[in-house]
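Accompanying notes for the structure given below.
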Amino acid sequence: MNRSTNYGKFFRHPLTSLIQNSLLYPVQLYTIDKRLHFKLDREEQKMAHEDCIFCKIIDGDIPSAKVYEDDKVYAFLDISQVTKGHTLVIPKEHTKNIYETPPETAKELFSRIPVIANAIRDAYQPLGINLLNNNEPVAEQSVFHLHVHLIPRYGDGDGYTPNWITHTEDYTSDDLQAVAKAINEQIKH
Ligand code: 5GP
Ligand code: ZN
């Protein structure tokens, strides 16, 4: 949805002239403007929700084994249970993946992860835990609502086998500096 287009429609509303002639114009405009943005945000979210199974899980339209919930974050068991207690932690606000995630949403999401990881540890005493976040199909993302996998580890052969090939020999320290510089130059806050 194009937010600016809808904003334009709002200013053509018949109430506009009435409000503009009012001494309360700045206050009223601010109030309505805030409400309009809230409404558009909800509509945009609703459109994104329509085909999203994780949004349906949050809304209770698809059942899940809930591990944790608050006003911003939902956590539930991954149906695949790669290892016992394998949990997905998701923001309630739909966001496709890490590229599209506002910092505030990331902050809220990640702030709950230590609490949930410790709860898994206390429940099942794993030897460790892997956090995994897949983004885009090439990186094995299959559900396009941001999620972090919490995969408790019980030892070799427990079900999770990260495939990690090192290329240390392929990079000089100058190469590493050049790669770091290329990324650093693209940092946008
Ligand atoms: P991804 O591959 O996108 O990183 O992870 C998606 C995860 O969602 C998979 O591990 C998959 O097992 C899990 N998943 C997919 N559909 C459902 C579902 O309906 N319920 C639950 N609990 N997990 C699901
Ligand atoms: Zn969603």
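The values are calculated or read from the model by the stated rules, or taken from the named source; none is laboratory data. What you see is a predicted model, and the numbers here were worked out from it, not measured in a lab. Neighbour counts run over all protein chains shown; Cβ positions are idealised from the backbone, glycine included.
The figures follow:
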| quantity | calculated |
| --- | --- |
| Tally of residues being more than 11 Å from the chain's Cα centre (by Cα) and either under 13 Å from residue 120 (Cβ atoms) or exposed (fewer than 12 other Cβ atoms within 10 Å of the Cβ) (or both) across the range 131-156 | 14 |
| The range 64-76 residues that are near ligand 1 (Cβ under 10 Å from one of its atoms), paired with ones that are of a type in the set (Lys, Arg) and modelled with pLDDT of 95 or more (beta carbon under 7 Å, 6 or more apart) | 76/66 |
| So residue 88, is it surrounded by 14 or more Cβ atoms within 10 Å (Cβ to Cβ), away from ligand 1 (no atom under 14 Å from the Cβ) and aliphatic (A, V, I, L, M) | no |
| Near pairs, Cβ below 8 angstrom, 6+ apart or cross-chain, from the range 163-189 (outside the structural domain of residue 134 (by TED's automatic domain parsing)) to any residue that is at pLDDT 95 or above and of a type outside the set (A, V, I, L, M, F, W, C) | 179/171 |
| Number of positions in the range 157-189 that are modelled with pLDDT of 95 or more, among the aromatic types (Phe, Trp, Tyr) and within 30 Å of residue 127 (Cβ to Cβ) | 1 |
| Any hit, the range 116-127, residues being basic (Lys, Arg), closer than 20 Å to residue 64 by Cβ and assigned by TED's automatic domain parsing to the domain that holds residue 58 | no |
| The range 73-101, subset part of a strand (DSSP E or B) and among the aliphatic types (A, V, I, L, M), residue nearest to ligand 2 (Cβ to nearest atom) | 90 |
| Residues of the range 151-162 that turn out to be touching a residue at least 60 places away in the same chain (Cβ under 8 Å) and part of a loop (DSSP other than H, G, I, E, B), as a count | 4 |
| Tabulated pairs, the range 45-56, first within 6 Å of ligand 2 (Cβ to nearest atom), second in a helix (DSSP H, G or I) and at pLDDT 95 or above, C-beta under 6 angstrom, 6+ apart or interchain | 49/55 |
| Neighbours by Cβ (under 6 Å, 6+ apart or cross-chain): first from the range 137-150, away from ligand 2 (no atom under 16 Å from the Cβ); second among the polar types (S, T, N, Q) | 140/134; 150/87 |
